[in-house]
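Peer 1: Just passing along the structure, written as structure tokens.
The values are calculated or read from the model by the stated rules, or taken from the named source; none is laboratory data. Because the structure is a prediction, the values reported are computed rather than measured. So basically every Cβ, Gly included, is an ideal-geometry build from the backbone, and we count neighbours across all protein chains shown. Protein only, heavy atoms only, side chains kept; ligands, DNA and RNA dropped before computing areas. Shrake-Rupley method; radii C 1.70, N 1.55, O 1.52, S 1.80 Å.
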Amino acid sequence: MGQSHSLAIANKPKPGDRHATPQPRGGDDQHQNQPEAAGRRPPAAAMDTFFLSHGSPTLSIDETIPARSFFESWLPAAVAGPERPRAILIVSAHWETATPAVNVIRGSNDTIHDFGGFPKSMYQLKYPAPGAPDLAKRTKELLEQGGFGPVKEDRSRGLDHGAWVPLMLMYPDADVPVCQLSVQTDRDATYHYNLGKALAPLREEAVLVLGSGSATHNLRKMGPTSSPPPQWASDFDTWLKDSLLGGRYDDVNRYEDKAPNAKMAHPRPEHFYPLHVALGAAGDEAKAELVHHSWTNASLSYASYRFTTKN
């Protein structure tokens, strides 16, 4: 179920300094003079942020993948709370740029089938969620005010599978506007955590901030789903859970030095950085909660987390 599939990702990182980490400037009061898009009021309480392990693209069609039922329960179980988000900002592992970029789409998002070697039916799937141009502009504003500019506006890119595969199960009516934000793989985890902190005001503007990646992601080490997780994957996955639930966020930001088997679990960091953005967006004193945990392909963890903001 996917262990022989290869992902053909078009966007590759550009060289740069991974460790030049700006600190976000300004405070949460910066958003108070901004109008709410579509005239909707923000919820009474700030929204939680989430890191979602989207795993294999076959999640879109394979009903035997254990995590699928979790994503399908999103609305019925009100995982993100009773309030419907005004829009969704999703940070996907499958969009890498040298500096931050947002897709500014008026009308419906296109569906990008950025993978190869999968069943034909997967290439026929569409997720025409509305674009969120106002959210894109707001995201750009917050990031540039926080020192993370320049932020590029991409007016043609739709949603890659790191975004549309989980969202098609979570919001199957495709009726919530979606904006996508890229990751910078030539920067480090602390950079992405601080980038997330710059986006914290969005939580109080009825925006659901999602990071979509994978708790472990080494495609060369996948095996049969019937096999137990190898020790290296289990150790990293357990370390991540213990560190997040224990509030050791600095360790998570320094995972390359602190985590066991970090390079084995993430040979490249693009599937891990969305976690740091979601964690940062929840604030320094956020509380982490494991909301789903399962495995496929022996070493692919679908561990997913909620980050609740301290009121």
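Peer 1: Using beta carbons and a limit of 6 Å, which pairs, at least six apart or on different chains, have the first residue in the stretch 87-110 and basic (K, R) and the second one assigned to a strand (DSSP E or B)?
Peer 2: Listed pairs, sorted by first residue: R106/G131.
Peer 1: Would it be correct to say that R220 is open to solvent by 40 Å² or more (accessible area, probe 1.4 Å), part of a loop (DSSP other than H, G, I, E, B), touching a Pro at 6+ places or on another chain (Cβ under 9 Å) and touching a residue at least 40 places away in the same chain (Cβ under 8 Å)?
Peer 2: Working: open to solvent by 40 Å² or more (accessible area, probe 1.4 Å): yes; part of a loop (DSSP other than H, G, I, E, B): no; touching a Pro at 6+ places or on another chain (Cβ under 9 Å): yes; touching a residue at least 40 places away in the same chain (Cβ under 8 Å): yes.
So R220 fails the test.
Peer 1: Considering only residues that are surrounded by fewer than 22 Cβ atoms within 10 Å (Cβ to Cβ) and either in contact with a helix residue (DSSP H, G or I) (Cβ under 6 Å, 6 or more places away or on another chain) or at positive phi (or both), which ones fall in the stretch 260-277? Outline the logic, then answer.
Peer 2: Going residue by residue through the stretch 260-277, those that are surrounded by fewer than 22 Cβ atoms within 10 Å (Cβ to Cβ) are 260-264, 267-268.
Selection gives P260, N261, A262, M264.
Peer 1: With the structure loaded, tell me whether D257 is in contact with a Lys or Arg (Cβ under 9 Å, 6 or more places away or on another chain), free of Cβ contacts under 8 Å to residues at least 12 places away in the same chain and not in a loop (DSSP other than H, G, I, E, B) or whether it fails that test.
Peer 2: Working: in contact with a Lys or Arg (Cβ under 9 Å, 6 or more places away or on another chain): no; free of Cβ contacts under 8 Å to residues at least 12 places away in the same chain: yes; not in a loop (DSSP other than H, G, I, E, B): yes.
So D257 fails the test.
Peer 1: How many of the residues in the stretch 128-148 are under 14 Å from I105 (Cβ atoms) and free of Cβ contacts under 8 Å to residues at least 60 places away in the same chain?
Peer 2: From the stretch 128-148, those under 14 Å from I105 (Cβ atoms) are 128-137, 139-140; that's our starting set.
Cutting the leftovers down to free of Cβ contacts under 8 Å to residues at least 60 places away in the same chain gives us 128-131, 133, 136-137, 140.
Here the count works out to 8.
Peer 1: Under the condition of being part of a loop (DSSP other than H, G, I, E, B) and touching a helix residue (DSSP H, G or I) at 6+ places or on another chain (Cβ under 8 Å), which residue from the stretch 49-78 is surrounded by the most Cβ atoms within 10 Å (Cβ to Cβ)?
Peer 2: Taking the stretch 49-78 first, the residues part of a loop (DSSP other than H, G, I, E, B) are 54-56, 61-65, 73-78.
With touching a helix residue (DSSP H, G or I) at 6+ places or on another chain (Cβ under 8 Å) added as a condition, the list becomes 54-55, 61-62, 65, 74-75.
Working: H54: 27, G55: 29, I61: 14, D62: 16, I65: 23, W74: 19, L75: 15.
Among residues in the stretch 49-78 that are part of a loop (DSSP other than H, G, I, E, B) and touching a helix residue (DSSP H, G or I) at 6+ places or on another chain (Cβ under 8 Å), the one surrounded by the most Cβ atoms within 10 Å (Cβ to Cβ) is G55.
Peer 1: Can you tell me which residues in the stretch 168-193 are open to solvent by 10 Å² or more (accessible area, probe 1.4 Å) and not hydroxyl-bearing (S, T, Y)?
Peer 2: Passing the criteria: M168, L169, P172, D173, A174, D175, P177, D186, R187, D188.
Peer 1: Here is a follow-up. Considering V209, V165, which residue is open to solvent by less than 10 Å² (accessible area, probe 1.4 Å), farther than 19 Å from R254 by Cβ, at pLDDT 95 or above and in a helix (DSSP H, G or I)? Can you show your working first?
Peer 2: Numbers: V209 fails: in a helix (DSSP H, G or I).
The match here is V165.
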